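Report on one structure; see the data block that follows.
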Amino acid sequence: MKKISLSAGAKIWLTALLLWLVLVAFAPAVALAVAVCHLLVTTILVVGRLVLATPAPEPEVSVEPPREHPMVSVQIATYEEPPELVCQTLSSLAA
C-alpha cells in the first residue's frame, strides 16, 4: 500500500475542517457564534483594505506668479567702497 504524504498547507486545512465538523456536531451554538464573528472580521478587513486601496483625491494646487504689492518695491543694490576710503576708516578707528 502506498503512503500518501500531504503538504503542510493541506494538513492545516484538513485539521481546521475536522475541528469545524466536531464543533458543529457537538456545539452548534458555538459554531454559529464563531461563524458570525468570522464573517464580521472578514467583512471589516475587506472593507478596510478597499478603503485603504482607494486613492485619496489630490487637492488642486494652482500655481500663480507672485504678485507685487503696489506700495512696496524691493531694490537690492550693492555698493563697494574704494580701498582708500576703507583704509582711512580703519586708520581713524585705530587712532
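A short reminder: the numbers here are calculations on the coordinates, not readings from a lab. Worth saying up front: this structure is predicted, and the values here are computed from it rather than measured. Cβ sites come from the backbone with ideal geometry, for glycine too, and all protein chains shown count toward neighbours.
Key figures
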{"read-out": "Whether segment 9-55 is rounded, prolate or oblate, judged on the alpha carbon gyration tensor where a/c under 1.5 counts as rounded", "value": "oblate"}
{"read-out": "Ranked list, fewest to most other Cβ atoms within 10 Å of each Cβ, for K3, K11", "value": "K3, K11"}
